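The values are calculated or read from the model by the stated rules, or taken from the named source; none is laboratory data. Note that this is a predicted model, so its numbers are computed, not measured. Don't worry about glycine lacking a Cβ; one is built from the backbone with ideal geometry, like all the others, and counts go over all protein chains shown. Areas reflect the complete protein model, heavy atoms only, side chains present, ligands, DNA and RNA absent. Shrake-Rupley method; radii C 1.70, N 1.55, O 1.52, S 1.80 Å.
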Amino acid sequence: SILDGIVYQVQGAKFGLSATAGYGTKLIIKHEVELGANVPSCTPQKKTIYSLYGHIHEVFVKAGDKVVQGQHVASVGNEGASSGPHLHFEIHHDKVEYGKAEADIIDPIEALGLHSDPGWGKKRSNF
């Protein structure tokens, strides 16, 4: 898991639930975070975000489980509409709904404060 959180949903044919958006098996984790804390141009905001992991082969957690940052929650796979093993990763704010506007998706590099360019936060302002 990218951060501490609670497993919100595991979805896919292996779990008796239909796969969505071609992700095959997907895992969604809910996180309570302070967005923008590491981005100079952003005012930090406490928010709920959701990390989505798609095309996964095997899931090691179930809905309701508490997870910690760095925990191995799933294995990379080739499930759904995929041309080879890889991880489809997204971060959404407020809730995850397939087909919602792109504005609901947060840039993971920015949200997690992983960009080394100090001017990065000034180039985008979606916090």
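Just the accessible area for GLU58, please: 1.4 Å probe, Å², rounded to the nearest 10?
Answer for GLU58: close to 90 Å² accessible.
For ILE106, what residues show an amide H to amide H distance below 5 Å, using hydrogens built from the backbone and excluding near sequence neighbours?
Residues meeting the amide H criterion: ILE91, HIS92, HIS93.
If you rank GLU32, GLU90 by how much accessible surface each has, with a 1.4 Å probe, what is the order from largest down?
On the way: GLU32 130, GLU90 25 Å².
These residues rank, largest area first, as GLU32, GLU90.
How do the peptides 23-30, 2-9, 82-89, 70-77 rank, highest first, by the average count of neighbouring beta carbon atoms within 10 Å per residue?
Those peptides, ordered most packed to least, come out 23-30, 2-9, 70-77, 82-89.
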